[in-house]
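Encoded as C-alpha cells, the structure appears first; notes follow it.
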Amino acid sequence: MSDLRGIDAGALTEWFGETLGVSGPLEFTWISGGRSNLTYRVAAPDGRAFALRRPPTGDLLPTAHDMEREWRIVTGVGRTSVPVPKTRALCEDSAVTGAPFYVMDFVDGTVLDSDEDAAGLSSEARARFSRQCAEVLAKIHDVAPADAGLAVRPDAEPYVPRQLRRWTAQVDRVAARSGHEDPAARELAEVRALLEARTPPQRWTGLAHGDYRPGNMIIDGGGTIAAVLDWELCTTGDVLADLGWLTAWWHTGGTVGWGPARLPGFLDAATLSRHYADISGRDVSDLPFFEAFALWRLGCISHGIHDRYRRLDTPPEPLDVLERRPRELAALARGILLGRV
C-alpha cells in the first residue's frame, strides 16, 4: 500500500474509522487516473467497498482538480434519476493524504475502454449500451444546474467562447513554460480561430458533463449504465458539447482513445445522435462543429498532459506519442471544420 501515489494508508485508515465508522485494515487499489484525478478502490474487512477520488500528485494547473466542487456536483446529481455513485464524505484537509479528497460507494461493473472490455458483451447488450448512452445523456441535460450546485447567470458568456478562452489560456501557459517553439500550440491556435469563426448560437443551455464517454461509465453485463463517473469538468453550458464529445470518442478511436463504433452490435455515431435528438427534442444539426470543438479541446488537454509528463523520470506513455497527440487532434478538428472528414 505504501507505494501508491497520493495514498497515506495509515492516515486514511484512521480517517475512515473516525468519519465513516469503517474499521481497518483497509486495502487500497489504484483504479485509474494520472492524467485526471486519481481514483482508488478502498476495500474494508466487512466486505464494503468505496471509491476515493483525489487530485494527481505534482504540480497542477490553477483552478483544476477542485474536489469540493466535484463532490458537490456528484452529490446533487445523485438526487436525480441520473445513475452516479452515492457520495459518502468530503475531506478538505490536505494533511490526511496530501490533498483534499472525497469518498463514494464503489459500483461494480465494467468500464468499456478497449476491445477486450467489450468482448464479453452480447450484441444485444452492445445495442442497449448505445441507446443508454443517449438516454442517460438526455437525463443529465434535464437536470437543473442549480440541483447540481451550479448557477446559471443570465449575463453569462456563452459556453463555447468561454471554453475557447479557458483552454487557450492553458495552452499559452504551457507554451510559455516550455521555453521553446511549440508547434502544437501554434496549430491549436489556428484551429481555435476556425472555431471562433464558425461558432453557432447557443440554443440549449443546461448541465454539461464535460467528459461523457464510454470510459467514464460503469455498465452491467446487460449493457445498462450503472454509474456515470468523472464529473470534474462538469459545468453549465451548451449541452450539445457533450453530444459532440461523445460522438468524437465514439468513432475516432486511435487518436482520441477507444471507441465502440467499429465493433458489431454498437450503434454508429449517426444513429446514436438521432436517438438523442428523438429523446431530447433538440436539433443536433450543429453536431459536426461540436465534434471539432471536442477534438480541439482534447488537443488542449493532451498538450497539458505532455507538459506534465515530460518532466517525469518515467512517464506512463512514450513522450513522442504524447507530443504528437495534440497536433493529431488539431488536424482532425481542422478536417471536420473544413469539410474534409
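Each reported figure results from applying straightforward, stated rules to the coordinates on display, with no laboratory input. What you see is a predicted model; the values in this text were computed from it and never measured. For neighbour counting, all protein chains shown are included, and Cβ atoms are generated from backbone atoms with ideal geometry for every residue, glycine included.
If a/c stays under 1.5 just call it rounded; otherwise compare a/b with b/c (prolate if a/b is bigger, oblate if not). Do that for the stretch 84-125, with a ≥ b ≥ c from the square roots of the Cα gyration tensor eigenvalues. Verdict is prolate for the stretch 84-125.
In plain terms, the residue of R340, R274, R334 with the fewest other Cβ atoms within 10 Å comes first and the most crowded comes last, giving R340, R274, R334.
Taken about its Cα centre, the chain carries a charge dipole of about 760 debye when Lys and Arg each add +1 at the Cβ and Asp and Glu each add -1 at the Cβ.
The distance between label points at R203 and I31 comes to 3.7 nm (points 7 Å beyond Cα on the Cα→Cβ vector). Which FRET efficiency value, to the nearest 0.05, do you get for R165 and E124 by plugging their Cβ-Cβ distance into 1/(1 + (r/R0)^6) with R0 = 35 Å? Approximately 0.20, to the nearest 0.05.
Mean residue ellipticity, 222 nm, helices only, the chain: the sum of -39500 (n - 2.57) across DSSP H runs of n ≥ 4, divided by residue count and rounded to 500, is -14500 deg cm²/dmol. Taking the charge dipole of the chain about its Cα centre, with +1 at Lys and Arg Cβ atoms and -1 at Asp and Glu Cβ atoms, the residue from T57, L207, G24 reaching farthest to the positive side is L207.
Please rank F50, F101, fewest neighbouring Cβ atoms within 10 Å first, as an exposure proxy. Display every interim value, and only then the final one.
Numbers: F50 21, F101 26.
With the fewest neighbours first, F50, F101 line up as F50, F101.
Residues D278, D286, D8, arranged from fewest to most other Cβ atoms within 10 angstrom of their Cβ, appear as D278, D8, D286. Distance between the C-alpha centres of the stretch 101-133 and the stretch 255-305: 17 Å, rounded to the whole angstrom.
Annotation: peptides 81-89, 176-184, ranked by per-residue average of other Cβ atoms within 10 Å with the highest first, follow the order 81-89, 176-184.
Springs join every pair of Cα atoms under 10 Å in this Gaussian network model of the chain, and among D66, D147, D93 the largest mean-square fluctuation is at D93.
The length gained by stretching the chain between R274 and E157 to full extension, at 0.36 nm per residue less their Cα-Cα distance, is 39.3 nm. Can you work out the PRE-style zone for A176? Point 7 Å along Cα to Cβ, and I want the residues of the stretch 190-208 with backbone N under 20 Å. Those under the cut-off are 190, 192-193.
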